[in-house]
Amino acid sequence: MGDSSPGPLTARRPIVRIADGGLERGDDAVAIERPLEIRVDGRPLVVTLSTPGHDRELALGFLAGEGLLARAADVAALRETPASCADQPDGVDIALAPGVTFDWTRLERHFAATAACGLCGRAHLESLRAGLTA
C-alpha cells in the first residue's frame, strides 16, 4: 500500500495564555483534522475526523477493529479520493472481494454524544444538516 500524501499535519494558530495574572499572546501548533468518509461497495459507512495521511490504513483498521473484515483478501480494491473542496470530506472507497458478506446491521449505533463536535460516527456529512433551515 502506498503512503498517502499527508500535507501539513499541524498549523500555527494565535493563542492567548494566562500567565502570572496577565495575558501573554503568541502562537502554538495545533493538529490538523479533516473529515474522512469511509465507503464500502459505494455505500457510505462512516465519517470520522482524522489527521490527514495514512487514510488507507485508517479505513482498513477501522473495518478490522469493528470485526467486519477478517483478512486482507476480503478487500478487492481500495481507492482514496481527496476532497474536491474544503466543505467535503476526503474519502476511502473499499470494494469487497467476491463472496465477502458485510453485515451492515452490526454498525447500527444508538447513542447520544453531547460533548463532541457531532461529526464522528455519522454515516455521511449531509446528516449534520438535518433539521436546519436557511
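The values are calculated or read from the model by the stated rules, or taken from the named source; none is laboratory data. No experiment lies behind these values; they were computed from the predicted model shown. No Cβ is skipped: glycine too gets one built from the backbone with ideal geometry, and neighbour counts run over all protein chains shown. All accessible areas refer to the heavy atoms of the entire protein, side chains included, with ligands and DNA or RNA removed. Shrake-Rupley method; radii C 1.70, N 1.55, O 1.52, S 1.80 Å.
Before moving on, here are some points about what is shown:
- Every condition in (1) within 14 Å of Pro35 (Cα to Cα); (2) open to solvent by 30 Å² or more (accessible area, probe 1.4 Å); (3) β-branched (Val, Ile, Thr) holds for Val75 except the one numbered (1).
- Scope segment 35-49; condition buried (at least 18 other Cβ atoms within 10 Å of the Cβ) and either among the small types (Gly, Ala, Ser) or outside any strand (DSSP E or B) (or both); matching residues: none
- Tallying residues that are at positive phi and polar (S, T, N, Q) within segment 50-75 yields 0.
- Residues in segment 9-30 that are under 30 Å from Leu63 (Cα atoms) and either exposed (fewer than 10 other Cβ atoms within 10 Å of the Cβ) or β-branched (Val, Ile, Thr) (or both): Thr10, Val30.
- Single condition Thr81 does not satisfy, out of (1) loosely packed, with under 14 Cβ neighbours inside 10 Å; (2) at pLDDT 90 or above: (1)
- Test result for Gly91, surrounded by 14 or more Cβ atoms within 10 Å (Cβ to Cβ) and on the phi > 0 side of the Ramachandran plot: no
- Of all residues in segment 60-102, those satisfying the criterion of being touching an Asp or Glu at 6+ places or on another chain (Cβ under 6 Å) and part of a loop (DSSP other than H, G, I, E, B) are Pro82, Ala83, Pro89, Ala97, Val100.
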